[in-house]
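Working notes, beginning with the structure itself.
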Amino acid sequence: MDEQFDVVDEDDRVIGVAPRSVVHARRWRHRAVHIFVFKTSGELLVHQRSAAKDEYPLRWTSSASGHLHAGEDYAAAAHRELLEELGLQGHLEFLQKFVASEATSFEHSALYRLVTDTAPRFDAGEIASGGYWPLRAVADWIDRHPDDFTPCFVTLFRWYERQFGAT
């Protein structure tokens, strides 16, 4: 069954509900969350999307991410995605909300941060592989091979780098 998404306007106000396939095909604005998971040592978890993903298969992306279901709020979706994709729970710190644009796949995207040393359990249906890297290594990797990553991750990571540094 096709997931139902809230369709939103440029100000993130709900203007309708439509199936995922229609929202993506028509490039309508909708909502998503991204979570950057860090070890206490400061390394960022990034994962490679599974080959079965309909958008950006096998590209590297945020530790966890996903769409909001129709009627769901950002915080609830962030906790749900974190648990579904990585088997993790914890205190999520809201960092920033990004306006829907081509760079964010037409998704109003809320970014959260979790710091934990609990080992993730990757959902094999969502994640091909993953690991922790120093921020500087991720920044260098993006500089050398930007097409290895989803465009939204690059947008969010570059914002994070400007705000917090990538040492």
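Throughout, read-outs are computed from the coordinates displayed, never taken from laboratory work. Fair warning: this is a prediction, and the values are worked out from it, not measured in the lab. Cβ sites come from the backbone with ideal geometry, for glycine too, and all protein chains shown count toward neighbours.
Miscellaneous remarks
- Selection of trypsin sites (Lys or Arg not before Pro), the range 103-155, meeting DSSP coil and at most 13 other Cβ within 10 Å: R121
- Cα-based helix-to-principal-axis angle, 74-86 vs the chain, degrees rounded to 10: 60
- Sparse-neighbour loop sites [GluC sites (Glu not before Pro); the range 53-120; at most 11 other C-beta within 10 Å; DSSP]: E55
- Part-to-part distance (alpha-carbon centres) for the range 120-161 and the range 1-17, which is given in Å: 27
- For the range 109-158, radius of gyration divided by Kirkwood radius, i.e. Rg to Rh on alpha-carbons: 0.96
- Intensity falloff of the range 22-167 expressed as log10 I(q)/I(0), Debye formula with alpha-carbon point scatterers, at q = 0.13, 0.20, 0.21 Å⁻¹: -0.52, -1.37, -1.54
- Relative contact order computed over the range 32-164 (Cα-Cα under 8 Å; 6+ residues apart), in percent: 33
- The range 23-64: trypsin sites (Lys or Arg not before Pro) in DSSP loop, at most 11 other beta carbons within 10 Å: R27
- Rounded, prolate or oblate (a/c below 1.5 giving rounded, otherwise prolate when a/b exceeds b/c) for the range 27-89 by Cα gyration tensor: oblate
- The Rg/Rh ratio for the range 84-167, using Cα coordinates for both the radius of gyration and the Kirkwood hydrodynamic radius, is 0.95.
- In this rough spin-label picture, where each label sits 7 Å from Cα along the Cβ direction, the D117-M1 distance is 4.3 nm.
- For the range 32-164, the antiparallel share of DSSP beta bridges with both residues in that region comes to about 70%.
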